[in-house]
Amino acid sequence: MNTITPEFAQAFSQEWIEAWNCHDLDRILSHYSDGFEMSSPLIAQIVGEPTGILRGKERVRAYWEKALKMVPDLHFEGIATLAGVGSIVIHYRGANGRLAAEVFFFGPDNLVQKAFANYAS
């Protein structure tokens, strides 16, 4: 496992939030490995996958395309970025001002292999 530097964490967080705020799926997906795994309670609601887990860019792309159409004014506001060993947590304010945190686990190529989205009630 590689230790994530504060500089890498901040750069990743800024770029990730900017990509989402531009609603640019190709730019967003450029941060992830081809076979990455995404976990979110919204997956079940939006695409009907009861496990809340999707694997692979194409399945996640379809989910995010649908989500962006449902929330066309989606905008993220970064609150904090936390760096760990091989991982980053981005705490942000998302749709409708709802608090969220995403945990990203990176491979040796500095692409996300797994991501877990968590939302405040």
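The values are calculated or read from the model by the stated rules, or taken from the named source; none is laboratory data. These numbers were taken from a predicted model, which means no experiment stands behind them. Neighbour counts are summed over all protein chains in view; Cβ atoms, including those assigned to glycine, are modelled from backbone coordinates with ideal geometry.
A few points about this structure:
- Flag for residue 23 being in contact with a strand residue (DSSP E or B) (Cβ under 7 Å, 6 or more places away or on another chain), surrounded by 13 or more Cβ atoms within 10 Å (Cβ to Cβ) and either within 17 Å of residue 94 (Cβ to Cβ) or polar (S, T, N, Q) (or both): no
- Scope the range 1-20; condition under 11 Å from the mean Cα position of the chain (by Cα), within 15 Å of residue 89 (Cβ to Cβ) and aliphatic (A, V, I, L, M); matching residues: 17
- All conditions in (1) without any contact (Cβ under 8 Å) to a residue 24 or more places away in the chain; (2) loosely packed, with under 14 Cβ neighbours inside 10 Å hold for residue 52, with the sole exception of (2).
- Cβ-Cβ under 6 Å pairs, at least 6 apart or on other chains, the range 80-95 side closer than 14 Å to residue 112 by Cα and touching a residue at least 60 places away in the same chain (Cβ under 8 Å), far side among the charged types (D, E, K, R) and surrounded by 15 or more Cβ atoms within 10 Å (Cβ to Cβ): 90/102
- Filtered residue count, the range 36-53, keeping only those that are closer than 15 Å to residue 65 by Cβ, outside any loop (DSSP other than H, G, I, E, B) and under 13 Å from the mean Cα position of the chain (by Cα): 3
- Being closer than 24 Å to residue 10 by Cβ, surrounded by 15 or more Cβ atoms within 10 Å (Cβ to Cβ) and more than 12 Å from the chain's Cα centre (by Cα) is a description that applies to residue 33.
- Residue in the range 104-114 that is closer than 17 Å to residue 20 by Cβ and charged (D, E, K, R) present: no
- Within the range 73-121, considering residues that are among the polar types (S, T, N, Q) and closer than 16 Å to residue 15 by Cβ, the one modelled with the highest pLDDT: 81
- For the range 62-89, the set of residues classified as farther than 29 Å from residue 5 by Cβ and outside any loop (DSSP other than H, G, I, E, B) consists of 62, 63, 65, 66, 67, 68, 69, 70, listed by residue number.
- Test for residue 44: is it exposed (fewer than 13 other Cβ atoms within 10 Å of the Cβ) and either among the polar types (S, T, N, Q) or free of Cβ contacts under 8 Å to residues at least 60 places away in the same chain (or both): no
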